[in-house]
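A.B. asks: Below is the structure I would like to discuss, written out as structure tokens.
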Amino acid sequence: MLKETIYTLDAPFRANMNIYGYTFGNGDKSACVVGPTRGNEVQQLYVCSQLIKTLAQIEKNGHILNNHEILVIPCVNNFSVNVEKRFWALDKTDINRMFPGNPLGETTERIANAVFEKTKGYNYGIQFASFHTPGDFIPHVRMMETGHQNTSLANLFGLPYVLTRKPEPFDTTTLNYNWQMNETNAFSVYTSATDQIDEPSARQAVSSILRFLTRMGIIKYNCHNGFIASVIEEETLLPIRADVSGIYRRLKNPGDEVQFGDTLAEVIDPLEGEVISQILAPSDGIIFFAHTKPLVIQNCVVYQLIKRLHE
Amino acid sequence: MIKDVISVGLPVAESMDIKKNRLLPLTLTGKEKRICIVTGIHGDELEGQFVCYELIRKINANIQCLNGIVDVYPYVNPLGMESITRRIPTFDLDMNRNFPGNEEGDMAECVAATIIDDILGCDLCIDLHASNIFIREIPQVRISQDNLNTLLPYSKLLNVDFVWVNDSVTILKSSLVHSLNSLGVPSLAVEMGVGMRLTKEYGMQLVDGLFNVMKELGIWTGEVPPIRKPIVSTDGQVEMIHAEASGIFVPAISHWKGICKGDCVGDIIDPLTGTVKEQIIAPCSGTVFTLREYPVVYTGSLIARILGGTGLC
């Protein structure tokens with residue numbers, strides 16, 4: 001394992017921010033893994049740390065296969081993690097909206113550029129990301145439909161779902177999109193949690209990366225075969241919305257199978273305590289995404305449902 | 001006539017109401033032209049508040065000169081403005097990356113779609129911005145190259161100092177003006193001043209420009225003062241200056257003044273060691289139309305923009 005500093009930013013009032021990269025094996029640029037670009041992605045940080053720990057052991061055992069190099073950048077945004085801010089603390093910019101970056105541009109463009117230049121050229125790029133709407137997901141691999149995506153490869157992670165998404169204009173500045181545009185097979189792995197640690201899904205995420213690296217012939221590691229993923233297009237997910245604002249009581253979790261008419265959640269009058277709305281399942285299916293906040297605003301998507309799918 | 005554009009219930013005994021003030025002529029013919037003035041997309045930008053006030057006040061004082069419809073939307077992100085938050089609170093989304101929105105979407109998307117729907121059909125829309133808390137801008141219109149022919153004539157009527165033909169973030173896809181232009185509504189983004197502050201002289205300057213453009217459209221028949229001719233960025237090359245050190249920026253120049261190549265723009269100092277970490281030197285001669293206002297800088301922070309070729313050096 002080689003630990004190196006990929007980028008250093010000096011700060012007016014704090015110690016330098018160093019972005020570290022950990023390299024395992026040597027040879028062809030086979031796979032890179034990038035952790036949190038946002039300060040609240042603690043689960044993603046934890047997953048990367050566990051991955052580095054495991055890869056170090058795999059390397060020690062001589063199980064990184066010949067002529068393969070793996071790079072892991074466990075944290076891109078140490079500064080925001082340390083002050084518990086989601087975005088870059090000074091100007092609230094989002095590093096994952098700055099790719100491919102600019103070496104002569106704004107601060108977060110320079111950070112993005114340093115990470116992109118270091119990770120460019122790997123065959124496979126894997127990012128642990130979070131969604132802009134807070135909530136819990138079924139663990140899945142997410143890809144953008146750029147014309148370069150390969151869902152068959154995404155299936156090799158062995159996670160239960162692969163989700164494809166048509167890129168919106170704002171997606172074109174993400175790391176995933178820019179990797180794909182530079183001929184890296186790019187995947188974003190979503191676990192159940194973001195700003196808190198969920199051990200089971202963290203273990204599942206680490207296993208999914210090791211499974212993928214094994215199947216691509218990069219490492220030797222015996223692990224369970226995982227799932228044969230269901231591939232879903234994001235636009236086929238059925239959004240379920242709250243019709244009123246209030247205190248939110250969630251009754252179902254990601255992965256739960258529901259029947260048409262099941263009560264999924266209740267909205268409670270915040271002053272008088274009465275249930276003012278029941279949110280019912282509009283179709284049979286499996287919950288893919290669930291809102292987690294204790295309050296809800298009318299029209300907010302509280303669930304996304306995979307229609308007519310059974311366990 | 002004050003109207004609710006949209007009202008969204010909030011969790012605890014409150015609703016978020018986006019309002020507009022529709023100013024109508026004394027006699028309606030049904031053939032009036034309509035202009036929309038929008039501001040407050042970013043909750044930390046307040047310069048537009050004075051513009052709305054002064055515009056409405058002056059129209060009402062001479063309502064007999066109004067010959068068209070003026071819709072004023074002073075705060076389309078009311079929760080952001082109340083909480084000094086640039087983005088939409090609770091969603092943590094930049095409203096100006098959320099257009100054209102979606103009527104069936106969540107609150108932010110639905111609000112964006114409703115605003116677009118309310119504006120559609122007007123003859124001109126002007127979206128007022130106030131930079132951010134970090135940099136001060138002289139009154140300027142920003143337009144994209146794609147819409148240059150349509151929008152440049154309107155831009156020259158607005159009494160701004162500068163027209164910047166540039167694909168900046170204010171006019172990027174997903175912004176209000178880009179969405180409206182795509183839907184056939186000529187729309188301009190105005191930037192002026194600095195976030196969380198109000199610059200009265202800039203406001204007065206722009207109000208004169210608004211009356212001038214309304215007169216050109218036939219919406220206003222009253223007298224308007226002479227307006228200034230803006231510099232257009234295609235007249236010269238815009239040079240950006242970024243900090244190459246982190247620290248406290250102390251400017252050595254004034255905003256909207258000429259500068260010569262080699263002049264000192266300012267120093268980035270270290271308050272702990274009492275040393276200068278970087279002396280920033282002008283890379284070209286020209287006029288400084290953007291200048292750092294917030295002193296704390298990181299490597300990469302924008303310090304100034306200079307329009308080259310416009311100075312007296």
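The values are calculated or read from the model by the stated rules, or taken from the named source; none is laboratory data. Only a predicted model underlies this, so the values are computations on that prediction, with no experimental measurement involved. Quick reminder, even Gly has a Cβ in these numbers, built from the backbone with ideal geometry, and neighbours come from all protein chains shown.
A.B. asks: Please specify each residue of the stretch B:154-178 satisfying the condition of being of a type in the set (S, T, N, Q), surrounded by fewer than 23 Cβ atoms within 10 Å (Cβ to Cβ) and within 14 Å of chain A (Cβ to nearest Cβ).
C.D. replies: B:168, B:174
This table checks each residue for (1) surrounded by 14 or more Cβ atoms within 10 Å (Cβ to Cβ); (2) farther than 24 Å from residue A:123 by Cβ.
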| residue | (1), (2) |
| --- | --- |
| A:205 | yes, no |
| A:209 | yes, no |
| A:220 | no, no |
| A:226 | yes, no |
| A:230 | yes, yes |
| A:234 | yes, yes |
| A:246 | yes, yes |
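A.B. asks: Right, something else. Scan the stretch B:48-76 for residues that are more than 17 Å from residue B:222 (Cβ to Cβ) and not in a strand (DSSP E or B) and jot them down.
C.D. replies: B:48, B:49, B:50, B:51, B:52, B:53, B:74, B:75, B:76 - these are the residues of the stretch B:48-76 that are more than 17 Å from residue B:222 (Cβ to Cβ) and not in a strand (DSSP E or B).
A.B. asks: Considering (1) of a type in the set (S, T, N, Q); (2) more than 20 Å from residue A:29 (Cβ to Cβ); (3) more than 14 Å from chain B (Cβ to nearest Cβ), say which one residue A:184 fails and leave the rest.
C.D. replies: (2)
A.B. asks: Is one or more of the residues making up the stretch B:41-52 in contact with an Asp or Glu (Cβ under 6 Å, 6 or more places away or on another chain), away from chain A (no Cβ under 14 Å), among the hydrophobic types (A, V, I, L, M, F, W, C) and closer than 26 Å to residue A:169 by Cα?
C.D. replies: Checked the stretch B:41-52: no residue is in contact with an Asp or Glu (Cβ under 6 Å, 6 or more places away or on another chain), away from chain A (no Cβ under 14 Å), among the hydrophobic types (A, V, I, L, M, F, W, C) and closer than 26 Å to residue A:169 by Cα.
A.B. asks: Being in a strand (DSSP E or B) and β-branched (Val, Ile, Thr) is the filter here, so list the residues in the stretch B:254-284 that pass it.
C.D. replies: Within the stretch B:254-284, B:259, B:265, B:268, B:269, B:275, B:276, B:280, B:281 qualify.
A.B. asks: Still on this structure: Within the stretch B:285-300, restricting attention to residues that are within 14 Å of chain A (Cβ to nearest Cβ) and not in a loop (DSSP other than H, G, I, E, B), which residue is surrounded by the most Cβ atoms within 10 Å (Cβ to Cβ)?
C.D. replies: At the first step, the residues of the stretch B:285-300 found to be within 14 Å of chain A (Cβ to nearest Cβ) are B:290, B:292-300.
Keeping just the survivors that are not in a loop (DSSP other than H, G, I, E, B) gives B:290, B:292, B:296-297.
Numbers: B:290: 25, B:292: 24, B:296: 15, B:297: 27.
So the residue we want is B:297.
A.B. asks: For residues that are in contact (Cβ under 8 Å) with a residue 60 or more places away in the chain and assigned to a strand (DSSP E or B), scanning just the stretch A:59-79, find the one that is farthest from residue A:28 (Cα to Cα).
C.D. replies: A:73
A.B. asks: Looking at (1) within 14 Å of another protein chain (Cβ to nearest Cβ); (2) over 22 Å from the mean Cα position of the chain (by Cα), find the lone condition where residue A:39 falls short.
C.D. replies: Residue A:39 satisfies every listed condition except (2).
A.B. asks: Another question, then. Considering only residues that are buried (at least 20 other Cβ atoms within 10 Å of the Cβ) and either more than 10 Å from every other protein chain (Cβ to nearest Cβ) or not in a strand (DSSP E or B) (or both), which ones fall in the stretch A:282-299?
C.D. replies: A:285, A:286, A:287, A:288, A:289, A:290, A:291, A:297, A:298, A:299
A.B. asks: Collect the residues in the stretch B:1-22 that are modelled with pLDDT of 95 or more, surrounded by fewer than 19 Cβ atoms within 10 Å (Cβ to Cβ) and away from every other protein chain (no Cβ under 14 Å), keeping them in residue-number order.
C.D. replies: Selection gives B:2, B:3, B:4, B:5, B:19, B:21, B:22.
Residues are listed down the side, and each one gets a yes or a no for (1) under 23 Å from the mean Cα position of the chain (by Cα); (2) outside the structural domain of residue A:27 (by TED's automatic domain parsing); (3) within 21 Å of residue A:186 (Cβ to Cβ):
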site	(1), (2), (3)
A:219	yes, no, yes
A:226	yes, no, yes
A:253	yes, yes, no
A:278	no, yes, no
A:283	no, yes, no
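A.B. asks: Looking at A:258, A:302, A:244, A:267, which is the one that is more than 14 Å from every other protein chain (Cβ to nearest Cβ) and either under 27 Å from residue B:15 (Cα atoms) or of a type in the set (A, V, I, L, M, F, W, C) (or both)? Show your work before the answer.
C.D. replies: Numbers: A:302 fails: more than 14 Å from every other protein chain (Cβ to nearest Cβ); A:244 fails: more than 14 Å from every other protein chain (Cβ to nearest Cβ); A:267 fails: more than 14 Å from every other protein chain (Cβ to nearest Cβ).
Matching residue, one of A:258, A:302, A:244, A:267: A:258.
A.B. asks: Tally time: how many residues in the stretch B:256-273 are more than 14 Å from chain A (Cβ to nearest Cβ) and surrounded by fewer than 19 Cβ atoms within 10 Å (Cβ to Cβ)?
C.D. replies: 8
A.B. asks: Right, here's the next one. May I ask you to list the residues in the stretch B:222-250 that are within 25 Å of the chain's Cα centre (by Cα), surrounded by fewer than 19 Cβ atoms within 10 Å (Cβ to Cβ), outside any loop (DSSP other than H, G, I, E, B) and not polar (S, T, N, Q)?
C.D. replies: Those that are within 25 Å of the chain's Cα centre (by Cα), surrounded by fewer than 19 Cβ atoms within 10 Å (Cβ to Cβ), outside any loop (DSSP other than H, G, I, E, B) and not polar (S, T, N, Q): B:232, B:235, B:238, B:239, B:240.
A.B. asks: Is it the case that residue A:201 is touching a strand residue (DSSP E or B) at 6+ places or on another chain (Cβ under 7 Å) and under 30 Å from residue A:297 (Cβ atoms)?
C.D. replies: Numbers: touching a strand residue (DSSP E or B) at 6+ places or on another chain (Cβ under 7 Å): no; under 30 Å from residue A:297 (Cβ atoms): yes.
No; evaluated as a whole, the condition is false for this residue.
A.B. asks: Could you tell me whether the stretch B:244-252 includes any residue that is touching a residue at least 12 places away in the same chain (Cβ under 8 Å) and away from every other protein chain (no Cβ under 14 Å)?
C.D. replies: Within the stretch B:244-252, one or more residues are touching a residue at least 12 places away in the same chain (Cβ under 8 Å) and away from every other protein chain (no Cβ under 14 Å).
A.B. asks: A further question follows. Restricting attention to the stretch B:90-108, which residues are hydrophobic (A, V, I, L, M, F, W, C), in contact (Cβ under 8 Å) with a residue 24 or more places away in the chain and facing chain A (nearest Cβ under 8 Å)?
C.D. replies: The one that is hydrophobic (A, V, I, L, M, F, W, C), in contact (Cβ under 8 Å) with a residue 24 or more places away in the chain and facing chain A (nearest Cβ under 8 Å): B:107.
A.B. asks: Tally time: how many residues in the stretch A:255-311 are in contact with a helix residue (DSSP H, G or I) (Cβ under 9 Å, 6 or more places away or on another chain) and of a type in the set (D, E, K, R)? Talk me through it step by step, then tell me what you get.
C.D. replies: As a first pass, look at the stretch A:255-311 and keep what is in contact with a helix residue (DSSP H, G or I) (Cβ under 9 Å, 6 or more places away or on another chain): A:297-300, A:304, A:306-307.
Those still in the list that are of a type in the set (D, E, K, R) too: A:307.
Residues in the stretch A:255-311 being in contact with a helix residue (DSSP H, G or I) (Cβ under 9 Å, 6 or more places away or on another chain) and of a type in the set (D, E, K, R): 1 in total.
Rundown of residues vs (1) out of contact with any helix residue (DSSP H, G or I) (no Cβ under 6 Å at 6 or more places or on another chain); (2) among the acidic types (Asp, Glu), yes/no style:
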{"site": "B:180", "(1), (2)": "yes, no"}
{"site": "B:186", "(1), (2)": "no, no"}
{"site": "B:190", "(1), (2)": "yes, no"}
{"site": "B:198", "(1), (2)": "no, no"}
{"site": "B:205", "(1), (2)": "yes, no"}
{"site": "B:208", "(1), (2)": "yes, yes"}
{"site": "B:218", "(1), (2)": "yes, no"}
{"site": "B:222", "(1), (2)": "no, no"}
{"site": "B:227", "(1), (2)": "no, no"}
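A.B. asks: Select, from B:45, B:32, the only residue that is surrounded by 22 or more Cβ atoms within 10 Å (Cβ to Cβ) and either assigned to a loop (DSSP other than H, G, I, E, B) or not assigned by TED's automatic domain parsing to the domain that holds residue B:119 (or both). So that I can check it myself, show each step before the final result.
C.D. replies: Values: B:32 fails: surrounded by 22 or more Cβ atoms within 10 Å (Cβ to Cβ).
Just one listed residue meets the conditions, B:45.
A.B. asks: If you go through the stretch A:218-243, how many residues are in contact (Cβ under 8 Å) with a residue 12 or more places away in the chain and in a loop (DSSP other than H, G, I, E, B)?
C.D. replies: Total satisfying the criteria: 13.
A.B. asks: Just to be sure before I move on: is residue B:277 more than 14 Å from every other protein chain (Cβ to nearest Cβ) and either hydroxyl-bearing (Ser, Thr, Tyr) or over 26 Å from the mean Cα position of the chain (by Cα) (or both) in the structure I sent?
C.D. replies: In short, no.
A.B. asks: If a residue counts only when it is of a type in the set (Lys, Arg), which strands (runs of 3 or more DSSP E) contained entirely in the stretch B:77-184 have at least 1 such residues?
C.D. replies: Details: elements: B:124-129, B:135-143, B:162-165.
Per the criteria, B:135-143.
A.B. asks: With the requirement that a residue be part of a strand (DSSP E or B) and surrounded by 17 or more Cβ atoms within 10 Å (Cβ to Cβ), what does the stretch A:6-22 give you?
C.D. replies: Of everything in the stretch A:6-22, those that are part of a strand (DSSP E or B) and surrounded by 17 or more Cβ atoms within 10 Å (Cβ to Cβ) turn out to be A:6, A:7, A:9, A:17, A:19, A:21, A:22.
A.B. asks: Just checking, does the stretch A:189-198 include any residue being within 14 Å of another protein chain (Cβ to nearest Cβ) and farther than 19 Å from residue A:31 by Cβ?
C.D. replies: Within the stretch A:189-198, one or more residues are within 14 Å of another protein chain (Cβ to nearest Cβ) and farther than 19 Å from residue A:31 by Cβ.
A.B. asks: What tally of residues in the stretch A:55-113 results from selecting those that are polar (S, T, N, Q), surrounded by 17 or more Cβ atoms within 10 Å (Cβ to Cβ) and farther than 17 Å from residue A:40 by Cβ?
C.D. replies: Qualifying residue count for the region: 2.
A.B. asks: Anything in the stretch B:53-89 that is within 14 Å of chain A (Cβ to nearest Cβ) and of a type in the set (Val, Ile, Thr)? List them, or say none.
C.D. replies: Scanning the stretch B:53-89 gives B:84, B:85, B:88.
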